[in-house]
1. Which residues, counting only those in the stretch 49-66, are surrounded by 11 or more Cβ atoms within 10 Å (Cβ to Cβ) and out of contact with any strand residue (DSSP E or B) (no Cβ under 7 Å at 6 or more places or on another chain)?
2. Which ranges mark the strands (runs of 3 or more DSSP E) fully within the stretch 38-137 that have 2 or more residues being modelled with pLDDT of 85 or more and either touching a helix residue (DSSP H, G or I) at 6+ places or on another chain (Cβ under 8 Å) or under 30 Å from residue 8 (Cα atoms) (or both)?
């Protein structure tokens with residue numbers, strides 16, 4: 001059961017619920033887990049930010065692109081790639097490529113396909129990408 005409950009409150013009004021939830025999920029939670037005898041830190045409330053891709057079906061049809069192709073392009077653009085190792089001065093370094101999408105601009109520049117003229121069709125050409133709240137359950 002619950003042993004201790006706390007709330008993050010911004011009396012200055014400078015931070016919204018999404019900012020407070022991010023602070024909880026990415027910083028406070030991990031600090032609290034380092035305290036002896038703390039078994040779990042559960043985040044409840046606030047608003048979780050997410051990237052939202054709002055597709056324009058008419059633009060998809062105009063470019064001849066399916067939703068499956070959009071999903072494939074998003075998946076392919078948001079992953080890590082393993083590498084190898086490099087030995088240098090008796091030390092070994094692991095090499096990997098991090099390809100995670102981090103900004104709205106990163107999403108907007110995902111290439112979905114090339115047009116008949118060889119011109120790239122970007123996600124921004126068929127969708128609006130925005131940051132919004134995760135759907136509450």
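The values are calculated or read from the model by the stated rules, or taken from the named source; none is laboratory data. Predicted model, so just to flag it, every value in this text is computed and none were measured. Here the Cβ is made from the backbone with ideal geometry for all residues, glycine too, and neighbour counts use every protein chain on show.
1. Here is the first cut: in the stretch 49-66, the ones surrounded by 11 or more Cβ atoms within 10 Å (Cβ to Cβ) are 49-53, 55-56, 59-66.
Residues satisfying the conditions are 59, 60, 61, 62, 64, 66.
2. Details: elements: 49-55, 79-88, 91-99, 111-114, 120-122, 127-133.
By residue number, 49-55, 111-114, 120-122, 127-133.
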